[in-house]
Amino acid sequence: MSLSQALAPLVDLVFPPRCPLCGEGIAAQTGLCSRCWSELAIPGEPSCATCSRPFADGVGEGSVCAPCLAEPPRHDGIAAATLYNDVSRKLVLSLKHGNRISLAPMMAGLMLPKLPFMDDSWLIAPVPLHRWRLWKRGYNQSAELAREIGKATKASHCVDLLERRKATPSLGGLGRSARKRVLTGAIGLNPRRKAVVKGAKVVLVDDVRTSGATSDACVSALKRAGAGKVVIACFARVLDEALDLT
């Protein structure tokens, strides 16, 4: 029994477990109440064979969505634990800006079932933060999720596989070409990790995938460096049109 397990009853006595979203009493320190759990939107099947975008019923297995047909992605799949709605948004913001690092194990646990089987030939790497933003926030929320996924698998967690070489503004409200311009030269492979990434299978971890511009820049950097396969893993994925299918 670990120290944390041994101290759990005392912690529960002093700090009764409560849902981190609504405050309702729950059975354990990690988790949500039944109402908040039920409001999470979990992407299901059928889905795009390339990016896992949910389809309406009746679409055949192996079908590819229109965006992937129009522009085949460089990544090798997207594993999203939830679709971005009010509940997943609150969790993402609590982890990202609310210093609620304790949410990472639960959120990573929801991501695990969507991921491929990972043995020790896989690398897990987070989307990087610029050093100034990391200094200001104190942690990289994507790295916290990646660390928890690493604990639950045999894959190696490589927190510095990628580096953010220049600070970039928020991409919200920018068009596709503007996002690409902002991210040009912003993300690259850590030179010390060249040997590690060559031919590697990589799970790229992010908290939320919105336009996909940042994670796609990371995928491009990894593929240029010789990565054999890159799967994007995120806790929440913004696909408003798919919420009606859940």
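The values are calculated or read from the model by the stated rules, or taken from the named source; none is laboratory data. Quick caveat: nothing in here was measured; it's all calculated off a predicted structure. Every residue, glycine among them, receives a Cβ derived from its backbone with ideal geometry; neighbour counts consider all protein chains shown. The accessibility values were calculated without ligands, DNA or RNA, using every heavy atom of the protein model including side chains. Shrake-Rupley method; radii C 1.70, N 1.55, O 1.52, S 1.80 Å.
Points worth noting:
- Between amide H atoms placed 1.01 Å from N, distances below 5 Å from Tyr84 occur with Arg237, Val238, Leu239, all of them 5 or more places distant or on a separate chain.
- Estimated 222 nm signal from helices in the chain, with DSSP H stretches of n ≥ 4 weighted -39500 (n - 2.57), rounded to 500: -9500 deg cm²/dmol
- The phi torsions of the range 193-206, fed into the Karplus equation with coefficients 6.51, -1.76 and 1.60 and a -60° offset, translate into couplings of 10, 4, 5, 6, 7, 4, x, 6, 9, 10, 9, 8, 9, 9 Hz, rounded to whole numbers, with Gly and Pro shown as x.
- The GNM of the chain, with springs linking C-alpha atoms under 10 angstrom apart, assigns the highest mean-square fluctuation among Ser177, Ser94, Ser52 to Ser177.
- Calculated P(r) of the range 178-227 - Cα pairs past 12 Å, %: 64
- Among the protein heavy atoms, those of Thr153 account for about 40 Å² of accessible surface (1.4 Å probe, every chain in place).
- Distant alpha-carbon pairs in the range 60-111 (separation over 12 angstrom), percent: 74
- The distance separating the Cα centre of the range 206-237 from that of the range 62-87 comes to 12 Å.
- Spatially close Lys pairs in the range 107-246, defined by Cα atoms under 13 Å apart and a spacing of eight or more places or different chains, total 6.
- If the Kirkwood radius is taken over C-alpha pairs of the chain, then at 20 °C and 1.002 mPa s the Stokes-Einstein diffusion coefficient equals 113 µm²/s.
- Simple label model, 7 Å out from Cα along Cβ direction - Ser121 to Tyr139, nm: 3.3
- Solvent exposure ordering (accessible area, 1.4 Å, most first) of Leu110, Leu204: Leu110, Leu204
- Accessible solvent surface per residue of the chain, calculated while the other protein chains remain in place, 1.4 angstrom probe, Å²: 53
- Amide H contacts of Trp122 (H built 1.01 Å from N, in plane; Pro and chain starts excluded): Ser156 sit under 5 Å, all sequence-distant by 5 or more or on other chains.
- Binning the C-alpha pair distances of the range 102-246 at 10 Å intervals from 0 yields a P(r) profile of 12, 41, 36, 10, 0 %, listed from the shortest bin outward.
- Figure legend: label point modelled 7 angstrom from the Cα of Ala70 along Cα→Cβ; residues of the range 195-217 with amide N under 17 Å from it are 210-213.
- Subtracting the Cα-Cα distance of Ser63 and Arg100 from their residue separation scaled by 0.36 nm leaves 9.5 nm.
- Difference of contour (0.36 nm per residue) and Cα-Cα distance, Lys194 to Asp240: 12.8 nm
- The Lys166 and Leu93 beta-carbon pair, evaluated with R₀ = 30 Å, returns a calculated FRET efficiency of approximately 0.75.
- Accessible area of the range 105-246 belonging to carbon and sulfur atoms, whole % at 1.4 Å probe: 52
- Added length on full extension, which subtracts the Cα-Cα distance from 0.36 nm per residue, Arg224 to Ile42: 62.3 nm
- Estimated FRET transfer efficiency (Ala152, Thr184; beta-carbon r; R0 45 Å; 0.05): 0.80
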